[in-house]
Amino acid sequence: GVSKGEKIEIRLNAEKNIRAEGAIYEIAPQADSVTRTYLVKVAIENFPPQMLLGATVVGSLKLSVPPSIQIPASALTELNGQPAVWRVDATEKTVQLAPVKIERYTTESAVIADGLQSGDIVVTAGVQALHQNQKVKLLDVSHE
């Protein structure tokens, strides 16, 4: 995610070639209830004279995001009060309940911190109706 001190490039909206660099100094603790965005304040360094007070600017930053596994929220169930998913054994065509650790949630999905590996197949719908070692049929779908 974004953190204080992170560098951000600021461009004048009317003239994109006029730019400056800034550093984030404040991040709102909660998202706006209507826009679901966070207010971020940036201190602009080496302020260009063409960037007048009140001018519209566009900020951009590059984040280095480690690879992650993201699953639909509908795939989550629980095991002993902790998050879990039904992992499919593709050879046996059965499901096993697998505990997972959630890194973070988005509006429609969960990013998994631990418990799944790339290539694992999980059940994404009807998870409440399954039981351990239940036989399942895999749909012929492409994996992204």
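Let me understand the chain better: what is its radius of gyration from the alpha carbons, and its Dmax, in angstrom?
When restricted to Cα atoms, the chain yields Rg and Dmax of 22.2, 68 Å.
What's the ranking of 79-88, 47-56 by average number of surrounding C-beta atoms within 10 Å, highest first?
Going from most to least packed, we get 79-88, 47-56.
Can you list residues from other chains, or at least 5 along the same chain, whose modelled amide H is less than 5 Å from the amide H of ILE102?
Amide H neighbours of ILE102: ALA113.
Have a look at region 13-60 and give its Rg and Dmax from the Cα atoms, expressed in angstrom.
Cα only, region 13-60: 12.6, 35 Å (Rg, Dmax).
Which order do peptides 94-105, 34-45, 128-139 fall in by mean Cβ count within 10 Å, highest first?
Order by mean packing, descending: 94-105, 34-45, 128-139.
Kindly report the accessible area of the chain per residue (heavy atoms of protein chains, probe 1.4 Å, no ligands, DNA or RNA), in Å².
About 74 Å² of surface per residue is accessible.
Run the numbers for GLU26 and LYS4: contour at 0.36 nm per residue of separation, minus the present Cα-Cα distance, in nm.
Taking GLU26 through LYS4 to full extension adds about 7.3 nm, to one decimal.
For LYS7, give me every one of the lysines with a C-alpha distance below 17 angstrom, ignoring sequence neighbours fewer than eight places off in its own chain.
LYS41, LYS62
Which FRET efficiency value, to the nearest 0.05, do you get for GLU92 and ALA125 by plugging their Cβ-Cβ distance into 1/(1 + (r/R0)^6) with R0 = 30 Å?
In this case the efficiency is close to 0.90.
Could you tell me how far the Cα centroid of region 37-53 sits from the Cα centroid of region 68-142, in Å?
Here the answer is 44 Å between Cα centres.
Relative contact order for region 49-125: what is it in percent, counting Cα pairs under 8 Å that are at least 6 residues apart?
Relative contact order for region 49-125 comes out at 31 percent.
Label GLN50 and GLN70 with points 7 Å out from Cα along Cα→Cβ: what is the distance between them in nm?
3.5
What is the gain in length, in nm to one decimal, between ASN17 and VAL111 on full extension, counting 0.36 nm per residue of separation less the C-alpha to C-alpha distance?
30.2 nm
The values are calculated or read from the model by the stated rules, or taken from the named source; none is laboratory data. All values derive from a computational prediction rather than experimental measurement. So basically every Cβ, Gly included, is an ideal-geometry build from the backbone, and we count neighbours across all protein chains shown. Surface accessibility is based on the protein's heavy atoms, side chains included, excluding ligands, DNA and RNA. Shrake-Rupley method; radii C 1.70, N 1.55, O 1.52, S 1.80 Å.
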